[in-house]
Amino acid sequence: MDYNRILAEIAAEIEPLRNEGRQADYIPALAEVNPDRFGMCITSTKGDQIEWGDVEERFSIQSITKVFSLSMALSIMGEDLWERVGKEPSGSAFNSLVQLELDHGVPRNPFINAGAIVVADVLLSRLDRPQEQYIEFIRQIANDPSVDYDRRVAYSEREKGYVNAAIANMLKYYGNLNNDIEEVLRFYFLQCSVEMNCRQLSRAFLPFADRDKKFSFGNVNLTYSQVKRINAIMQTCGFYNDAGEYSYLVGLPGKSGVGGGIGAVYPGRYAVATWSPRLNVKGNSVMGMKALELLTTYTHESIF
Ligand code: GLU
């Protein structure tokens, strides 16, 4: 398959969407990003990279980090994790407070904000040096020691993080947060601030696609079956209340972030990352989703 040609065709076809959607501005630092960007990179299980566009510029991967956080928490707690967070699609906005109240403080899944805040609480309780160990794991999975937090983005989000603070307070009220609310929020915002470019992101998603190598990065070890389950949660919950639409259009497990990035996997073959900051109303990258839809359409490669 000539992936270089396919990526070029995709880039041409999505061009008319260039001005559609709006970049996230509820996090002030994200509002400063140039929205006219598009990058796409595939990393195969053999290690080849095929890329197009703005693949070197780093962006805030935001909720995509929820995949890495879940991996760490599952590796530490195994199935016990599911006593504190569910694994059902939410069908509501990623930061819904109403749903959390209806569910009595047990978030629907680890990929909405409430779920990820519980996961951050788990990691805070169980890691000796949470901030260091978290970024260390991400550097290992991305196979790149230069990956880091962008503390400016984390502070900027904390300043305006009213809804997440409300979520954390409600979790505490229902007894589903063990650590100090401020500490959990600080760690959660820091996680969201991790920066990567498309090359690094597709590399970091590769272990979720690679069925032949053991998922083992320092203290984070997952069985084949646990990786399969994380992919299942990406498929059903990775795009907030757009998960059905994404599944219908694309057909690859994936996770999006409000920085405009998407990481996805074609199990057994490759991982793919896209980045374009303009988002649809549900918070997913307009050009990124279309590019992945075209990728699975042109290649006939999807999990379905
Ligand atoms: N840091 C963002 C928030 O908590 C992440 C949201 C996202 O990427 O979906 O609102």
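Condition test on Arg158, is it surrounded by 18 or more Cβ atoms within 10 Å (Cβ to Cβ), out of contact with any Phe, Trp or Tyr (no Cβ under 9 Å at 6 or more places or on another chain) and not aliphatic (A, V, I, L, M)? Steps first, answer last, please.
On the way: surrounded by 18 or more Cβ atoms within 10 Å (Cβ to Cβ): yes; out of contact with any Phe, Trp or Tyr (no Cβ under 9 Å at 6 or more places or on another chain): no; not aliphatic (A, V, I, L, M): yes.
Spelling it out, it is not the case that Arg158 is surrounded by 18 or more Cβ atoms within 10 Å (Cβ to Cβ), out of contact with any Phe, Trp or Tyr (no Cβ under 9 Å at 6 or more places or on another chain) and not aliphatic (A, V, I, L, M).
Screening Val153, Val118, Val122, Val106 for residues that are β-branched (Val, Ile, Thr), surrounded by fewer than 20 Cβ atoms within 10 Å (Cβ to Cβ) and over 15 Å from the mean Cα position of the chain (by Cα) leaves exactly one candidate, Val106. Every test in (1) small (Gly, Ala, Ser); (2) assigned to a strand (DSSP E or B); (3) within 25 Å of Arg108 (Cα to Cα) is passed by Gly283 save one, and that test is (2). Is it true that some residue in region 3-18 is closer than 20 Å to Gly261 by Cβ, crowded, with 18+ Cβ neighbours inside 10 Å and of a type in the set (Gly, Ala, Ser)? No, because not a single residue in region 3-18 is closer than 20 Å to Gly261 by Cβ, crowded, with 18+ Cβ neighbours inside 10 Å and of a type in the set (Gly, Ala, Ser). Criterion applied to Lys160, Lys66 was being under 19 Å from Gln226 (Cα atoms), touching a helix residue (DSSP H, G or I) at 6+ places or on another chain (Cβ under 7 Å) and of a type outside the set (S, T, N, Q), and the one residue passing it is Lys66.
Taking each residue of region 21-37 that is without any contact (Cβ under 8 Å) to a residue 40 or more places away in the chain and looking for partners that are surrounded by fewer than 18 Cβ atoms within 10 Å (Cβ to Cβ) and assigned to a loop (DSSP other than H, G, I, E, B) with beta-carbon atoms closer than 7 Å, six or more apart or interchain, yields Ala31/Asp25; Asp36/Arg18. Residues being within 12 Å of the chain's Cα centre (by Cα), in a strand (DSSP E or B) and either among the polar types (S, T, N, Q) or surrounded by 24 or more Cβ atoms within 10 Å (Cβ to Cβ) (or both) are represented in region 235-254 by at least one member. Only residues that are under 19 Å from the mean Cα position of the chain (by Cα), among the acidic types (Asp, Glu) and in a loop (DSSP other than H, G, I, E, B) were counted in region 125-147, giving 1. When region 31-68 is filtered for residues that are farther than 16 Å from Leu206 by Cα, under 16 Å from the mean Cα position of the chain (by Cα) and assigned to a helix (DSSP H, G or I), the ones remaining, listed by number, are Gln62, Ser63. Starting from residues that are part of a loop (DSSP other than H, G, I, E, B) and not β-branched (Val, Ile, Thr), keep the ones in region 98-124 and report whichever is nearest to Asn179 (Cα to Cα). Among those residues, the one meeting the criterion is Gly105.
Here, each number is a calculation from the coordinates, and none is a lab measurement. As the structure is a prediction and not an experimental result, all values here were calculated from the model. Note: ideal-geometry Cβ built from the backbone for every residue, glycine included; neighbour counts use all protein chains shown.
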